[in-house]
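Colleague: I'd like to ask some things about the structure below.
The values are calculated or read from the model by the stated rules, or taken from the named source; none is laboratory data. Just so you know, these numbers come straight off a predicted model, no measurement behind them. Neighbour counts are summed over all protein chains in view; Cβ atoms, including those assigned to glycine, are modelled from backbone coordinates with ideal geometry. Ligands, DNA and RNA are stripped out before the accessible areas are found, and what is left, the full protein with its side chains, is counted by its heavy atoms. Shrake-Rupley method; radii C 1.70, N 1.55, O 1.52, S 1.80 Å.
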Amino acid sequence: MLYLKGVSAYYGNLHILKKISLHVGEGEIVALLGANGAGKSTLLKTLMGILFPKGGEILFQNQKIEFLSTEERVRLGLSLVPEGKGLFKPLSVEENLLLGTYTWYNFKKKKEFERKLEEIYALFPILKTKRKAPAGTLSGGQQQILAIARAFMSNPKLLLLDEPSMGIAPNLVLEIFQYIQNLRENYNLSILLVEQNARLALKIADRVYVMETGKIIYEGEAKNALENPEIQRAYLGRE
Ligand code: ATP
């Protein structure tokens, strides 16, 4: 589904991504772990066309995409839930969901939008209850659910999630991870999950990559990583 081959990216002269190679298969959940500043968000920005690479290639469903615009990538089936959620807080829940359709919505597609909304409300009932509420009045966890639902409005095949547990109460974090798993089960969605909560991420992921200063330093099955002493020491802490 997604292949990165030797991808390098810079901010000005700062060399951030150093020949990153990784892949995500169809219906797979892949965790991307690493300390603050390792380059995880930069990798997601490069995947979405917010930043263009200076070397390497990105293949999505066998098509080279590294120089396509963000909009073209969304049309192909990539969708990002950004760090900090990126919601429009004064706008209602439903208006935020409408913004997730910008690559396909027009007036003639109103019925399709309504169908999609009903699908979203069935998946995430809390959003139906709050449909008219300004997004900023929702709890942190509910806002994260809204951000995921908005990304889902564009009918993605691969969802990129940047730190979905950040700043969210632990009981709601479990709910959010359950939603992520449901999306994979019900839609065969592929998911690339950047997460600080490594233990939780490894519980739902099939495979994992660990990044350090712009390089992949570990790659493996999630269940093996949970038992790897170095990964335990660096990322899992004590139970
Ligand atoms: P975090 O968990 O803190 O978000 P991260 O692994 O996602 O960490 P990035 O946000 O990708 O890391 O940052 C990688 C490096 O790039 C850091 O050294 C950061 O300071 C730098 N950086 C990030 N954004 C910019 C920018 N717009 N301009 C210049 N440098 C940047």
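Colleague: Which ones in the range 67-83 are in contact with a helix residue (DSSP H, G or I) (Cβ under 9 Å, 6 or more places away or on another chain), away from the ligand (no atom under 12 Å from the Cβ) and within 13 Å of LEU159 (Cα to Cα)?
Modeller: Listed by number, the residues that qualify are ARG73, VAL74, LEU78, SER79, LEU80, VAL81.
Colleague: Also: Please find, among LYS64, LYS5, the residue that is within 19 Å of GLU212 (Cα to Cα), away from the ligand (no atom under 11 Å from the Cβ), open to solvent by 40 Å² or more (accessible area, probe 1.4 Å) and over 18 Å from the mean Cα position of the chain (by Cα). Reasoning before the result, please.
Modeller: On the way: LYS64 fails: within 19 Å of GLU212 (Cα to Cα).
Of LYS64, LYS5, the one residue that is within 19 Å of GLU212 (Cα to Cα), away from the ligand (no atom under 11 Å from the Cβ), open to solvent by 40 Å² or more (accessible area, probe 1.4 Å) and over 18 Å from the mean Cα position of the chain (by Cα) is LYS5.
Colleague: Does GLY86 satisfy the criteria of being more than 13 Å from the ligand (Cβ to nearest atom), open to solvent by less than 60 Å² (accessible area, probe 1.4 Å) and either at pLDDT 95 or above or more than 18 Å from the chain's Cα centre (by Cα) (or both)?
Modeller: Details: more than 13 Å from the ligand (Cβ to nearest atom): yes; open to solvent by less than 60 Å² (accessible area, probe 1.4 Å): yes; either at pLDDT 95 or above or more than 18 Å from the chain's Cα centre (by Cα) (or both): no.
No: the conditions fail for GLY86.
Colleague: Do we find a residue being more than 16 Å from the ligand (Cβ to nearest atom) and closer than 30 Å to PRO229 by Cα anywhere in the range 185-198? So that I can check it myself, show each step before the final result.
Modeller: Keep residues of the range 185-198 that are more than 16 Å from the ligand (Cβ to nearest atom), which gives 185-191.
Then keep just the ones that are closer than 30 Å to PRO229 by Cα; that gives 190-191.
Looking through the range 185-198, at least one residue is more than 16 Å from the ligand (Cβ to nearest atom) and closer than 30 Å to PRO229 by Cα.
Colleague: Please work out if LEU117 is at pLDDT 95 or above, assigned to a helix (DSSP H, G or I) and open to solvent by less than 60 Å² (accessible area, probe 1.4 Å). Please lay out each step first, then the result.
Modeller: On the way: at pLDDT 95 or above: no; assigned to a helix (DSSP H, G or I): yes; open to solvent by less than 60 Å² (accessible area, probe 1.4 Å): yes.
Answer is no for this residue.
Colleague: Return the residues of the range 21-53 that are in contact with a helix residue (DSSP H, G or I) (Cβ under 7 Å, 6 or more places away or on another chain) and either away from the ligand (no atom under 12 Å from the Cβ) or part of a strand (DSSP E or B) (or both); say none if nothing qualifies.
Modeller: Correct list: GLY27, ILE29, ALA31, LEU32, LEU33, GLY34, MET48, GLY49, PRO53.
Colleague: Which one of the conditions (1) touching a residue at least 40 places away in the same chain (Cβ under 8 Å); (2) in a helix (DSSP H, G or I) does PRO156 fail to meet, given that it meets all the rest?
Modeller: All conditions pass for PRO156, except number (2).
Colleague: If you take the residues in the range 181-203 that are at pLDDT 95 or above and in contact with a helix residue (DSSP H, G or I) (Cβ under 7 Å, 6 or more places away or on another chain), which one is surrounded by the most Cβ atoms within 10 Å (Cβ to Cβ)? Talk me through it step by step, then tell me what you get.
Modeller: Initially, the range 181-203 is screened for residues at pLDDT 95 or above, giving 189-194.
Among the residues that remain, those that are also in contact with a helix residue (DSSP H, G or I) (Cβ under 7 Å, 6 or more places away or on another chain) are: 189, 191, 193-194.
Values: LEU189: 21, ILE191: 23, LEU193: 26, VAL194: 22.
Here the residue is LEU193.
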